[in-house]
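Each value in this text was obtained by applying a stated rule to the coordinates, not by laboratory testing. The structure presented is a predicted model; accordingly, all values stated were derived computationally and were not measured. Virtual Cβ from ideal backbone geometry, glycine too; neighbours counted across all protein chains shown.
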Amino acid sequence: MFELIPAIDVLDGNVVRLERGDYESVTIYGSDPIATAQSFLDAGAPIVHVVDLEGARSGVADGGLRRALGVGGVRFQTGGGLRTVTDVVAAIADGAERAVVGTTALWDSDELARMVDAVGPAALVVAVDVAGGRARGAGWLDEGRPLDALLEELVDAEVERILVTSIKRDGMMQGPDLELLERSVDSGLAVIASGGVGSLADLEAITATGASGAIVGRAIYEKRFTVAEAVTAVS
């Protein structure tokens with residue numbers, strides 16, 4: 001079943017969105033991530049995507065945020081600052097259903113293999129952030145690696161699910177990169193699409209690529225459509 005996954009990006013305790021990952025381009029949408037997450041689940045979302053932006057920047061994830069979500073009964077996947085096997089195990093222990101890893105998966109295949117072994121393929125999502133045909137890490141600041149080579153490596157590592165973001169379209173609501181999604185789906189991995197969704201038609205186009213889900217952020221906060229409308233559109 002296709003998953004409509006609302007995004008909750010957290011910075012300084014607030015629910016925010018960035019444009020193209022730029023920490024200088026921050027819009028604040030709320031001050032209670034737990035209540036925001038619960039409202040999305042109540043509207044029909046099967047799971048929420050929680051990003052610890054400070055953790056992503058510093059490399060040190062906020063376990064307190066995860067535990068608060070877990071205690072609150074929120075079904076969530078989380079990323080931001082998860083760089084080691086210990087980090088991933090802690091995220092799952094704190095209540096996350098899936099741990100999302102990026103930079104480590106890109107550059108350290110041995111550590112990625114240990115992550116898969118530690119929590120199992122179903123509990124791990126590899127973030128594949130793409131610009132110019134290259135998957136980027138380190139907050140999109142490194143030189144990256146060719147996308148196709150990375151996808152092959154992830155298949156060999158027995159990764160099951162990837163989160164594919166078009167960097168240029170992230171937070172812009174100007175439509176998803178369908179070619180990128182189709183290319184990623186062709187790898188045989190389950191693909192969660194991210195970046196560019198601005199309308200229900202965009203979501204319908206994503207489902208047509210064979211992707212297994214889509215993350216939606218700014219379009220919900222800017223009231224382009226509701227979570228309930230989005231869930232209906234992809235059902």
(request) Scan the stretch 184-212 for residues that are within 22 Å of V15 (Cα to Cα) and small (G, A, S) and jot them down. (result) A193, S194, G195, G196, G198, S199
(request) Name the helices (runs of 4 or more DSSP H) wholly inside the stretch 37-124 in which the number of residues that are within 22 Å of L189 (Cα to Cα) is 2 or more. (result) 85-93, 103-107, 109-119
(request) Just give me the residues in the stretch 109-138 being without any contact (Cβ under 8 Å) to a residue 40 or more places away in the chain and of a type in the set (A, V, I, L, M, F, W, C), in sequence order. (result) M115, A118, V119, A122, A123, L124, V126, A131, A135, A138
(message) Considering only residues that are of a type in the set (D, E) and either in contact with a helix residue (DSSP H, G or I) (Cβ under 8 Å, 6 or more places away or on another chain) or within 29 Å of L178 (Cα to Cα) (or both), which ones fall in the stretch 85-144?
(response) D94, E97, D108, E111, D129, D142, E143
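In this structure, is D110 surrounded by 17 or more Cβ atoms within 10 Å (Cβ to Cβ) and acidic (D, E)?
no
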